[in-house]
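What follows is a set of notes on a single structure, which appears directly below.
The values are calculated or read from the model by the stated rules, or taken from the named source; none is laboratory data. Given the structure is predicted, the values throughout are model-derived calculations rather than measurements. Cβ placement follows ideal geometry from the backbone for every residue including glycine, while neighbour counts extend to all protein chains displayed.
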Amino acid sequence: MTGGPSAMTLNLNRLLDRIEDGLAVIAAGLLLCAVLMVSLEVVARYFFNSPLSWTFEVTEYFLLFIPCLGMGWLARHDGHVSIDIVTGRLPEPLRSRLARVVALCVSAACLFVAVWGAIATWESYSKGARIEAILQTPQFLIYSAIPLGFFVCALEYARKALRAAPGEAEST
Amino acid sequence: MIEWWILLPLIIGALLILLVLGFPVAFAFLIINLAGIELLQGGGRAYHQLILSIYASVTSFSLLPIPLFVLMGEILWHSNIAGRALGAMDKLLGRVPGRLSFLTVGSGTVFAALSGSTVANTAMLGSMLLPSMKARGYAHDLSMGPIMGSGALAMLIPPSALAVVYATVAKVSIGKLLVALIVPGLLIAALYVVYIMIRAKLSPESAPAYDVDKASTREKIEGLVRYVLPLSIIVFLVVGVIFLGVATPTEAAALGCLGSFGLAAAYRDLDVKRVILALKGTLSISVMMLTIMAVAIGFSQLLAYSGASRGLLEFVTAMDVSPIVMILLMQLIVLILGCFMEQIAIMLITLPIFIPIIKALGIDPIVFAVITLINLEIALMTPPFGLLLFVLKGVARDVPMKAIYLAATPYILIDVLVIFLILIWPEITLALTRLVR
């Protein structure tokens, strides 16, 4: 690798950052919404005796969207906990090579889940399946969080795998 | 089909290898699940099942306290609520030897009742108290020790995010488990105090007494009323409502968050910057935990499918060992794993195997849960890789790692002592659970 990264790579890099940040902001918003909705539910039930039955269901969907939307963002910040007993002690060229192989495997696994998630989402869309609960939410809307989240996460780990190691031509 | 006793070490071994190679915990579980599905279930449609299990494992109302309890801790950490409460408690203590150590345990316990995050709690105590303890020449086991010990209490005393994870994986009542953890948590704090008292008495030079600015009774009471007592509102919103049967643990968690926000706002401590910081911190910890939960539930399904869970169960029940020996054996495994591994991973590896066994042996699942959680708390402080050791190393960079290990030792022993006390008198943890409506 000689010379700096091309303008296109830079743009793609920035685009992925933006997507990850955007999804993370939505996830944080959902988290705050959940706090408000559940508190409202308690108040509605105990003080006005009129439970808002839908909060239960909606917050459950949030619990799938929060990790899925935040996954790629967290991966960029190395927030997915890992155990560095051995890797922390490896000499440098070996350590970053291993880290790249790990990132590549994780990326492949996430892509695999994204593909199967897309298949599951598509199938429930074409069947018009709905979740058996009060709101009768279309299943595919909820399932879609899985392919979306894992796909962005796969991209992030692919970027980690491809990124030049410190000491090589270019680093970010 | 291959025999379970060949499969079990293969599955666990492969998982451990991935973890050692530095795979993030969540994705190590994911890859093992994918491989298991391919090799044992022939792939294909079975992957469809994995997607459904990802969906099903996190979309559970009872998991919502995980992010909410963490959010409570983050608000406490980023607003100045903790600092003010600490200042007020500082005034209450007179000129006693080891007063800063007592202050650490006292405030650590109070903050543990407001926060579900051990790391936030320890980092907070460390940055607020360690500098003045060092300036006063406190010994390591009376400065760093109580910080780690009482920092770790956040995962025992409700709200506790890890207790929710445990209850979900082991399928025990979250409300009951949270309540069952109160007395053991307070007992541990009390024993820490006793240790500090004895230690400061026997060697006064390890916690030199110093003159404190005398606060008037009026000042003391004012500090208590303004900065410490209001915290009990939050404790009530979380624990009280569960006790009274007014709200589910999830609703209690939401009320607790709202209460924390409200209190921070009342002290005029809430601005956009702090809320964003708290949300950011909460998002990283909860996404990390929920991602693990989403992909790792498939792991227990894999163990069940391979026949390992049932095979091991039959093997153990045929061995005819007494329940107490079995508990000790299982706890030994948790303790050993705890030296190297992160807590959720330990729970997800061991609980699918342990839970059927303790059911078969007639061991109370709540007692077992409390003991295991205390043991997992120890895991945070055991060398070489206890998380809190490193949190503290981050706060006190010039202290050698060995000194930090030694400082944690008395507190680890106290935790072990409490585990034995609970084994002897399970009522320590069960008595309160009977009061829950």
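Restricting attention to the range A:55-74, does a residue exist that is loosely packed, with under 14 Cβ neighbours inside 10 Å and within 10 Å of chain B (Cβ to nearest Cβ)? Even if it seems obvious, please write down each step before you answer.
Pass one, the range A:55-74, residues loosely packed, with under 14 Cβ neighbours inside 10 Å: none.
Taking every residue of the range A:55-74 in turn, none turns out to be loosely packed, with under 14 Cβ neighbours inside 10 Å and within 10 Å of chain B (Cβ to nearest Cβ).
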note = Those residues of the range B:361-391 that are at pLDDT 90 or above, assigned to a helix (DSSP H, G or I) and either touching a His at 6+ places or on another chain (Cβ under 8 Å) or more than 30 Å from residue A:88 (Cα to Cα) (or both) come to a total of 7
Residue within the range B:254-261 that is closer than 22 Å to residue A:149 by Cβ and either of a type in the set (Phe, Trp, Tyr) or away from chain A (no Cβ under 14 Å) (or both) present = no
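What number of residues within the range B:114-128 are of a type in the set (A, V, I, L, M) and crowded, with 24+ Cβ neighbours inside 10 Å?
So in the range B:114-128, the residues of a type in the set (A, V, I, L, M) come out as B:114, B:119-120, B:123-125, B:128.
Now restrict to residues that are crowded, with 24+ Cβ neighbours inside 10 Å: B:114, B:120, B:124-125.
Of the residues in the range B:114-128, 4 are of a type in the set (A, V, I, L, M) and crowded, with 24+ Cβ neighbours inside 10 Å.
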message = I'd like to know if the range B:240-248 contains one or more residues that are within 10 Å of another protein chain (Cβ to nearest Cβ), touching a helix residue (DSSP H, G or I) at 6+ places or on another chain (Cβ under 6 Å) and closer than 20 Å to residue B:117 by Cβ.
response = no
remark   = Within the range B:167-209, residues being among the basic types (Lys, Arg) and in contact with a Ser or Thr (Cβ under 9 Å, 6 or more places away or on another chain) number 2
inquiry  = One residue is enough: does the range A:17-35 have a residue meeting the conditions closer than 21 Å to residue A:109 by Cβ and outside any helix (DSSP H, G or I)?
reply    = no
key: Of all residues in the range A:75-93 being more than 8 Å from chain B (Cβ to nearest Cβ) and part of a loop (DSSP other than H, G, I, E, B), the one that is surrounded by the fewest Cβ atoms within 10 Å (Cβ to Cβ)   = A:91
key: Residue satisfying all of: in the range A:13-24; surrounded by 15 or more Cβ atoms within 10 Å (Cβ to Cβ) and more than 7 Å from chain B (Cβ to nearest Cβ); farthest from residue B:282 (Cα to Cα) among these   = A:16
request  = Go through the range B:204-228 and give me each residue that's surrounded by 13 or more Cβ atoms within 10 Å (Cβ to Cβ) and aliphatic (A, V, I, L, M).
outcome  = B:207, B:209, B:212, B:215, B:221, B:224, B:228
message = For the range B:60-75, check the following and say yes or no: at least one residue is closer than 30 Å to residue A:131 by Cα, free of Cβ contacts under 8 Å to residues at least 40 places away in the same chain and either in contact with a Ser or Thr (Cβ under 8 Å, 6 or more places away or on another chain) or within 7 Å of chain A (Cβ to nearest Cβ) (or both).
response = no
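If I ask for residues that are in a loop (DSSP other than H, G, I, E, B) and more than 26 Å from the chain's Cα centre (by Cα), which ones from the range B:22-45 would you list?
Passing the criteria: B:42, B:43, B:44.
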query = Is it fair to say residue A:99 is under 20 Å from residue A:13 (Cα atoms), at the interface with chain B (Cβ under 7 Å from one of its Cβ atoms) and in contact (Cβ under 8 Å) with a residue 40 or more places away in the chain?
reply = yes
query = Of A:114, A:34, which residue is facing another protein chain (nearest Cβ under 9 Å) and surrounded by 15 or more Cβ atoms within 10 Å (Cβ to Cβ)?
reply = A:34
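With respect to residue B:244, determine if the residue is among the aliphatic types (A, V, I, L, M), within 19 Å of residue A:44 (Cβ to Cβ) and surrounded by fewer than 16 Cβ atoms within 10 Å (Cβ to Cβ).
So residue B:244 passes the test.
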task = Could you figure out which of (1) outside any loop (DSSP other than H, G, I, E, B); (2) in contact with a Pro (Cβ under 9 Å, 6 or more places away or on another chain) isn't true of residue B:97?
result = (1)
query = Got a sec? Which of B:64, B:86 is of a type in the set (A, V, I, L, M) and farther than 30 Å from residue A:38 by Cα?
reply = B:86
task = Identify the single condition in (1) surrounded by fewer than 19 Cβ atoms within 10 Å (Cβ to Cβ); (2) in contact with a helix residue (DSSP H, G or I) (Cβ under 9 Å, 6 or more places away or on another chain) that residue A:96 does not satisfy, given that it satisfies every other one.
result = (2)
query = Could you say which residue among A:107, A:144 is crowded, with 20+ Cβ neighbours inside 10 Å and either more than 10 Å from chain B (Cβ to nearest Cβ) or among the acidic types (Asp, Glu) (or both)?
reply = A:144
key: Residue, farthest from residue B:301 (Cα to Cα), within the range B:12-27, restricted to residues that are in contact (Cβ under 8 Å) with a residue 60 or more places away in the chain and crowded, with 21+ Cβ neighbours inside 10 Å   = B:19
note = Counting only residues in the range B:263-279 that are of a type in the set (Lys, Arg) and surrounded by fewer than 15 Cβ atoms within 10 Å (Cβ to Cβ), the one farthest from residue A:26 (Cα to Cα) is identified as B:268
query = Say we look at the range A:102-130 and pick out the residues that are among the β-branched types (Val, Ile, Thr) and touching a residue at least 24 places away in the same chain (Cβ under 8 Å); which of these is farthest from residue A:64 (Cα to Cα)?
reply = A:106
